[in-house]
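Here's the structure, in structure tokens; my notes come after.
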Amino acid sequence: MSFISAATAIIDLDALCSNYRLLADKAAPAEASAVVKANAYGLGATMVAKTLAEREGCRWFFVATIAEGIEVRSVLPDAHIGVFYGANHAEDAAAIAEHGLIPVLNSLEQVSVWREHAATLGKSHKAIVQVDTGMTRAGMSLEDAAQLAQDASLLAGIEVAYFMSHLACAEMLHHPLNAKQAARFKQLEALFPNAKFSFSNSSGIFLGKGFHKDLVRPGMALYGLNPTPDERNPMRVVVTVQAPVLQQRILTEDECVGYGATFKASKGARLAVVGIGYADGLLRSLSNRGKAYINGYTVPIAGIVSMDLTVLDVSSVPEGVIKDGDMAELIGTHLEADKVAETAGTIGYELFTSITSRVKRVYK
């Protein structure tokens, strides 16, 4: 059943594909994968993955958890699906193998788990090995990687598809850590001269050919966020979040608006109540700071964003322009996600992944 009076996230699949093509062309001859973890950053992992596979020929996808990998596998029986969390236990390894997933092995311990599972089945298994070059998060050390290079038995039964690392500051073109990580990555390449490698995330693709290697792993840029924040966003808008006007009112005297009475509205002010709140993913930190776009006008959020409702001050909009049921844009072409996130004191990643299941996804 479809409901009209509901907050909606419109996902532009043509824009998604256009963004993938731009990134793939820029990274060529490296292959372009798609990172679809966290439900494709809130956009819907199965729809995003299926679209990129069928329309753009994307063959590699990355998720964070085994459960996410199983979900993508349900619509893409033949794709390569990497699981960033890897295999920590025999149970993990069994589930990964059962569904044909590819673990990203982040430690010698995970290598051991995957090697032992391969031995029980008597056949080799694919994996990706992650080496930390400066992110200081997941991944084994270069010293651990050297052990793998020196002792072939440690990788017995493991077919390494790629050695990978992750960039920490790729969105900052001149950050010294980029060069430091690149130098460490060259050490990794020297350890495994016949292997394939993956280094670049979305922003890393824009650092130049030296960062592309054999496989790039774009995520946020696919979904329209800016991989080059100091420059114009080269990506098309993919996500538009909008919510219906449920009620309008004209104040007959000075009043305060919302919880905590933080917004003072004068007599004669016109307000529009829209059906979206922090339970839908509209961040509460946009209270008294954020904006909405409706019927050609940008208007401020008045007062505190509550769980289900948000009030807009539409006093600047000519009377009669807004009708109950009209949709107000909170993120989209007129309110760029990165700028909305900046206003909220966060990043576009959190903005998108905060969109809850109550928001209806509409694909066009």
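The values are calculated or read from the model by the stated rules, or taken from the named source; none is laboratory data. Since we're looking at a predicted model, the values are computed, not measured. Heads up, the Cβs are rebuilt from the backbone with ideal geometry, glycines too, and the neighbour counts pull from every protein chain shown.
Would you check if there is a residue in region 292-300 being outside any strand (DSSP E or B), modelled with pLDDT of 95 or more and touching a Gly at 6+ places or on another chain (Cβ under 9 Å)?
The answer is no, given that none of the residues of region 292-300 is outside any strand (DSSP E or B), modelled with pLDDT of 95 or more and touching a Gly at 6+ places or on another chain (Cβ under 9 Å).
You will find that of ILE276, ILE250, ILE294, the residue that is crowded, with 20+ Cβ neighbours inside 10 Å and farther than 20 Å from THR346 by Cβ is ILE294 and no other.
For region 125-147, enumerate the residues that are exposed (fewer than 13 other Cβ atoms within 10 Å of the Cβ) and more than 21 Å from the chain's Cα centre (by Cα). Don't jump to the end; show me each part of the working.
Here is the first cut: in region 125-147, the residues exposed (fewer than 13 other Cβ atoms within 10 Å of the Cβ) are 136-137, 143.
Once the filter is applied, which keeps residues that are exposed (fewer than 13 other Cβ atoms within 10 Å of the Cβ) and more than 21 Å from the chain's Cα centre (by Cα), region 125-147 yields only GLU143.
Restricting attention to region 50-67 and to residues that are surrounded by fewer than 24 Cβ atoms within 10 Å (Cβ to Cβ) and under 24 Å from LEU105 (Cβ atoms), the residue that is nearest to the chain's Cα centre (by Cα) turns out to be ALA64. Whenever a residue of region 247-259 is within 20 Å of ASN288 (Cβ to Cβ), its partners that are part of a loop (DSSP other than H, G, I, E, B) and of a type outside the set (S, T, N, Q), lying with C-beta atoms within less than 6 angstrom and at least six residues away or across chains, give the pairs LEU251/LYS267; LEU251/ALA269; ASP254/LYS267; VAL257/ALA302; VAL257/GLY303; GLY258/GLY303; GLY258/ILE304; TYR259/ILE304. Mind listing whichever residues of region 283-300 are of a type in the set (A, V, I, L, M) and either at positive phi or touching a residue at least 60 places away in the same chain (Cβ under 8 Å) (or both)? Passing the criteria: only LEU283. On inspection, PRO234 does not qualify as part of a loop (DSSP other than H, G, I, E, B), assigned by TED's automatic domain parsing to the domain that holds SER33, surrounded by fewer than 22 Cβ atoms within 10 Å (Cβ to Cβ) and modelled with pLDDT of 95 or more. For beta carbons closer than 6 Å, sequence separation of 6+ or different chains, a first residue in region 201-224 that is under 17 Å from TRP60 (Cβ atoms) and a second that is charged (D, E, K, R) and surrounded by fewer than 22 Cβ atoms within 10 Å (Cβ to Cβ), the qualifying pairs are ILE205/LYS26; ASP214/LYS196; LEU215/GLU31.
Restricting attention to region 301-318, the residues that are over 22 Å from LYS264 (Cβ atoms) and either touching a Gly at 6+ places or on another chain (Cβ under 9 Å) or in contact (Cβ under 8 Å) with a residue 12 or more places away in the chain (or both) add up to 2.
Look at (1) part of a loop (DSSP other than H, G, I, E, B); (2) without any contact (Cβ under 8 Å) to a residue 40 or more places away in the chain; (3) out of contact with any Gly (no Cβ under 7 Å at 6 or more places or on another chain); (4) surrounded by 19 or more Cβ atoms within 10 Å (Cβ to Cβ) and you find that ALA168 fails only one, number (3).
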